[in-house]
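See structure below.
What follows is calculated from the coordinates using simple rules that are stated; it is not laboratory data. Predicted model only: the values in this text are computed from it and were never measured. Because the Cβ atoms are built from the backbone with ideal geometry, glycine has one as well, and the counts that use them run over all protein chains shown.
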Amino acid sequence: MPEEYLKTLALFDFDGTLTRKDTFLELIKFVHGKNPFYKGILKLAPYLFLFKIKVLPNWKVKEKVLIHFFKGMPYDLFQDHCNRFAMEIIPTLMRKDALTELEKLQSMGTRIIIVSASSENWILPWSNRLKIECIASKMEIAGGTLTGKLSGKNCYGMEKVIRIKETTDLSKYSVIYAFGDSKGDLPMLKLATKPFYRTFKK
């Protein structure tokens, strides 16, 4: 193995970077169907607008959506939905060139970490099959059901950096790649020796 790849790390955002669509929204459609999805989004429109004009933070709006669609759902049922979504839908959403880059780096011995604001419930079943690590948001569970809230902070923006540093000694890597597509990825990209922003084709 070439020396240059012995201490190499690659950090990949998930939604919009590896995938063509937001997997959280696609999961809602998968679980509830398109009509309930659009009706729910219409009901939630005031919160989405407040997020758009930067009155509400990302995590607050995410919880509003989670509460509307998933509050009270048994956790085991939710995880079953996520497992099937990861198997049946996520592969159809992947950007071919992004997946090719990921697989190329992995074949060179690069340590790969997916770092996502989406929930680990549907990313881990996908990443585990590829033997790739995952850092993601977590869902709050009470009495075996979803509360609709997040457990801990939303893995977005500076929280991505915090979570990466909690699990990884960056000083051990001479080369750090980072791939992202939104402002929530910019702090993570600043960790990289080789940052890539919106690199992959639409």
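With springs only between Cα atoms under 10 Å apart, run a GNM on the chain and tell me which of VAL55, VAL31, VAL175 wobbles the most.
Maximum among the listed residues: VAL55.
What list of ³J(HN,Hα) couplings, whole Hz, do you get for the stretch 105-121 from phi and the Karplus terms 6.51, -1.76, 1.60, once you set θ to phi - 60° and write x for glycine and proline?
Computed from phi, the couplings for the stretch 105-121 are 4, 4, 5, 8, x, 5, 6, 10, 10, 7, 10, 9, 6, 5, 7, 5, 4 Hz.
Could you give the C-alpha radius of gyration of the stretch 103-202 expressed as a fraction of 2.2 N^0.38 Å, taking N as the number of residues it contains?
1.15
Quick one: which residues, 5 or more positions from CYS134 or on another chain, have an amide H under 5 Å from its amide H? H modelled 1.01 Å from N in the peptide plane, none for Pro or chain starts.
Here the answer is ILE114, since their amide H atoms fall under 5 Å of that of CYS134.
Looking only at LEU44, LEU146, LEU102, which one moves most when the chain is put into a Gaussian network model with springs between Cα atoms under 10 Å?
LEU44
Skipping prolines and chain starts, which residues have an amide H placed within reach, meaning under 5 Å, of the one on LEU150, given they are 5 or more residues away or on another chain?
Counting only residues 5 or more places away or on other chains, the set is GLU140.
As an exercise, use a Förster radius of 25 Å and the Cβ-Cβ distance of LYS165 and LEU42 to find the FRET efficiency, rounded to the nearest 0.05. Mind dumping the intermediate values first?
On the way: r = 40 Å, r/R0 = 1.59.
With R0 = 25 Å, the Cβ-Cβ based efficiency is 0.05.
What nm value, rounded to one decimal, do you get for the distance between THR100 and VAL55 when each label is placed 7 Å out toward the C-beta?
With each label placed 7 Å out from Cα toward Cβ, I get 4.5 nm.
Students often get this wrong, so try it: which of (i) 53, 36, 35; (ii) 48, 44, 28; (iii) 58, 41, 31 is Cα extents along the principal axes in Å as calculated from the structure shown?
Derived directly from the coordinates: (i).
Restricting the count to DSSP beta bridges whose residues both fall in the chain, what percent are antiparallel, rounded to a multiple of 5?
If I count the DSSP bridges inside the chain, around 20 percent turn out antiparallel.
Calculate how steeply helix 58-70 sits against the longest principal axis of the alpha-carbon atoms of the chain, using the helix alpha-carbon long axis, and give the answer as 0 to 90 degrees to the nearest 10.
Approximately 50 degrees, to the nearest ten.
Counting other C-beta atoms within 10 Å, and keeping those with at most 10, which DSSP coil trypsin sites (Lys or Arg not before Pro) do you find in the stretch 18-100? Kindly include the intermediate steps, with their values, before the conclusion.
On the way: sites: ARG20, LYS21, LYS29, LYS34, LYS39, LYS43, LYS52, LYS54, LYS60, LYS62, LYS64, LYS71, ARG84, ARG95, LYS96; in loops: ARG20, LYS21, LYS54, LYS71, ARG95.
Here the trypsin sites (Lys or Arg not before Pro) that fit, given the DSSP loop and packing criteria, are LYS54.
To the nearest 10 degrees, how steeply does helix 23-32 sit against the main Cα axis of the chain, on a 0 to 90 scale?
For helix 23-32, the angle is close to 40 degrees.
In deg cm²/dmol, rounded to 500, what helix-only [θ] at 222 nm does the chain give when every DSSP H run of at least 4 residues adds -39500 (n - 2.57) and the total is split over its residues?
Numbers: 10 runs with 95 residues, N = 202.
After summing the helix terms and dividing by the residues of the chain, the value is -13500 deg cm²/dmol.
What pairs in LYS43/LYS96; LYS54/LYS104; LYS96/LYS149; LYS52/LYS172; LYS54/LYS160; LYS34/LYS104 have C-alpha atoms more than 31 Å from each other?
Numbers: LYS43/LYS96 34 Å; LYS54/LYS104 38 Å; LYS96/LYS149 33 Å; LYS52/LYS172 39 Å; LYS54/LYS160 20 Å; LYS34/LYS104 36 Å.
Distance filter (> 31 Å) returns LYS43/LYS96; LYS54/LYS104; LYS96/LYS149; LYS52/LYS172; LYS34/LYS104.
Return the single residue from ALA98, ALA142, ALA86 with maximal mean-square fluctuation; model: Gaussian network over the chain, springs between Cα atoms under 10 Å.
Highest fluctuation among the options: ALA142.
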